[in-house]
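Inspection log for the structure reproduced underneath, given as structure tokens.
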Amino acid sequence: MKASENASGTSRATKTLNPSSLIIRLPLYIVLFCSVLYIVNGLIGYRAFKSIFEDEYSNITRQFAYTALSYIDGDAVEGYAASGIPDEAWEETDRELNVLTRTAALAYIYVIVPDKDFGSRMYIYDTVHPEVVNGKAYPLGQISSLKNYGEEYINRLKDVMLDGKDDCRFVYNKTGGHVTTSVPVKDSSGKVVGILSIVKPMSEVDALKARYLRSTSIFSAILTVLFITVYIILLHKMLTKPLYLLTRETESFARHGGELSGRLKKVRGRSEIAILARAVEQMSVDMNRYIADLTHTTAEKERLSAELDVATQIQANMLPRIFPPYADHPEIELFASMVPAKEVGGDFYDFFMTDDDHFAVVVGDVSGKGVPAALFMVVAKTLLKNVGLQEKNPARIFERVNDQLCEGNDAGLFVTCWMGILTISTGELVFANAGHTAPVIFHGGKVEYLTVKPNLMLAGMPGMRYADHCTRLLPGDRIFVYTDGVTEATNSRNELYGEDRLILCMADKRDLSAKELLEAVRDDVNKFVGDAPQFDDITMLELSLKAVAPVQGGAGQATVTAQSATSPAALPEGSRAVTKVFDATDENMGPVNDFVHSMLPLDCPAGILNKLDLAVEEIYINIAHYAYAPGRGTAEISCLLEPGQGGAAPRLTICFRDRGRPFNPLAREDPDITLPAEERDIGGLGILLTKKFMDSVTYEHTDGQNVLTMSKVLA
């Protein structure tokens, strides 16, 4: 049906074609082109004629000027200019100049001497042809002002008088114009003493120009008419007539559903038009085949679209959609959403209770889009939940799921994933990150990224090991987990939404409920993206801890927030053990101190805190600077806070582990602090202070790790 609609639409469009208009327009364009060419050729020819004409006049007048110059005694010019009195020699020269003026049909011959400032000129000789111009000759000594002459004329006089150059100037007017040629008059020493100028009229210019234009116009017009006639005949036979047939045939093609009338058989030969005619005939065959294929494809596409709609609904039903999730756990507030970029997507989220006190949250992003990613998502989500109900450790869950996903993964797909297990009774959140974006945490009045070094994505490589990390959520704390479709949303200027915009948006909306917050983030992303299409799936989940549930069970329950060197069963009652892994860089010195401070009781004395800070900084900076140099590595820091027994003060034990080169800082001899500073060896003072400030400091190298443990009674 769509194909027939296209055909009818084409028919309506082709009804407006008028091929005869093309036959009319083309000759008109040719006439216009030839007319322009005719005018341009005339102008160019006239300019060439004028240039040749001026060259001839320049040569003739220069010859006359030097002939006149041969009559003049240059040594006598300055004397005539000074006295203004003619003599016999002057009279003889004046007669010769008059004869030359009449013989050569010149208008004037005159010799002048400009003053020093070129403000006036004195005439030495002046002859006038009475039959050429009206006027009288200036007598010897006549002075004429130059103030009314233009700067160009003055500069020409200077060129002749000062530089000894010849000058030729053409003036055109209604009578034809004239040419003035000036040459320097020199004395016997070569000094320029005056200027000789001759003026020859160009009265024959008009006649020559008219004769030239008349002959050129007639000849060009005859050639143009012949060219247009021959060209139009050839154009009609070779172009317009075949184009007319092509136009009629395409109208028939559109009107009769791809069928041709057969008139294109008249277009023969190997020209481009003939090739086009054969192509139109072939197009008719191909179009009929295409319409049949399109009809079949459209029906198949509609069937696939219906199936994709079902798949979209199935995928949506696989994701939990009941919020709040558990009526018997009001301390948990959670809301999540997933918006696929295509009909089905590769993002997913999940949450479930592993037992009465542990709540698991998962957000993942499968590489790729569409149906393959959706199928892989189903497998990954199912495995994560099945293994998550058996294991209590996110890192161990990732290890098992990773190995299973790697089996038969010929398509090379992988999953970035973040999983956390919340102990509802204590607020402890143990999480692992498999190449996923860092979530946002609302904690202690701050909104920041919960950043740890991520492990490799799932399905990337079998046998991978994953690390657990830990934080503690207090009542009112929230954690927002999302996929990179949020931060990598792109607007029409190819700009990313980015992590900075996300953190600012969430800080501004921190007082909203989980559902309202997700809607606010989605609205902010949509506002930033504008009309640009959605490039990637967008998945968001926020978990909020409203209150910590009481512990179900007897005394002796240990508060364990992460991996610990001491087994939970071996810890004294009320102990707290936390392990974190940091990139061993100077930039993480602050986070390391914050981590240690988070383990201390609120009433820890300031003096103890200062000593702990110095000792922690000394050991951590040694690891950052020397353990892996020149490369980089990680430092694992475990803190164990044991409550005091029988009213005694609590004890904090800090254990540093790194896999750098073996090094025992305690084996170094303590510096002699009794010596002046300039006589002591450099180094060693920080370790000495660490040993003095801590109650105990030990070192061992085991399992390829440097292990330094120090403890301090917090009193």
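Numerical summary
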item	result
Ordering of 502-510, 392-400, 109-117 by packing [mean C-beta count within 10 Å, highest first]	392-400, 109-117, 502-510
Members of K342/K515; K136/K165; K342/K385; K301/K527; K546/K611; K385/K546 lying beyond 31 Å, as alpha-carbon distances in this model show	K301/K527; K546/K611
Segment 432-491-segment 582-607 distance, computed between alpha-carbon centres (Å)	21
Accessible area of L689 in the full protein assembly, 1.4 Å probe (Å², nearest 10)	50
Sum of side-chain charges, P439 neighbourhood, beta-carbon under 11 Å (Lys, Arg +1; Asp, Glu -1)	-1
Segment 110-115 - phi-based ³J(HN,Hα) in whole Hz, Karplus 6.51/-1.76/1.60, Gly and Pro as x	9, 10, 10, 10, x, 6
Placed amide H near V185: partners under 5 Å, 5+ positions off or other chain	V193, G194, I195, L196
Accessible heavy-atom area order of I44, I538, highest first, probe of 1.4 Å	I44, I538
Using θ = phi - 60° and Karplus 6.51 cos²θ - 1.76 cosθ + 1.60, couplings along segment 384-400 (whole Hz; Gly, Pro as x)	4, 6, 4, 6, x, 7, 9, 9, 10, 10, x, 5, 5, 4, 4, 4, 5
Taking segment 335-436 and dividing mean pair separation by its residue count, relative contact order in percent (alpha carbons under 8 Å, at least six apart)	28
Rounded, prolate or oblate (a/c below 1.5 giving rounded, otherwise prolate when a/b exceeds b/c) for segment 81-125 by Cα gyration tensor	oblate
Reduced Cα scattering model of segment 404-472, Debye log10 I(q)/I(0), q = 0.19, 0.25 Å⁻¹	-0.80, -1.11
Other-chain or far-sequence residues with amide H under 5 Å of E448's (modelled H)	I441, H443
Gyration tensor verdict on segment 92-180 (Cα atoms; rounded if a/c is under 1.5, prolate if a/b is larger than b/c, oblate otherwise)	oblate
For G660, residues with placed amide H under 5 Å, excluding near neighbours	N706
Subset of K381/K446; K369/K446; K446/K580 violating a 25 Å alpha-carbon distance limit	K381/K446; K369/K446
Whether segment 434-496 is rounded, prolate or oblate, judged on the alpha carbon gyration tensor where a/c under 1.5 counts as rounded	oblate
Net length gained if the chain between I85 and L496 were fully extended (0.36 nm per residue, minus Cα distance)	138.2 nm
Table column - 3J(HN,Hα) (Hz), segment 357-374, Karplus curve with 6.51, -1.76, 1.60, x for Gly and Pro	10, 10, 10, 9, 10, 9, 9, x, 9, 7, 5, x, 9, x, 5, x, 5, 5
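The values are calculated or read from the model by the stated rules, or taken from the named source; none is laboratory data. All values reported here derive from a predicted model rather than from experimental measurement. Glycine also receives a Cβ, built like all others from the backbone with ideal geometry; neighbour counts cover every protein chain displayed. Just the protein is used for accessible areas: all its heavy atoms, side chains included, with ligands, DNA and RNA removed. Shrake-Rupley method; radii C 1.70, N 1.55, O 1.52, S 1.80 Å.
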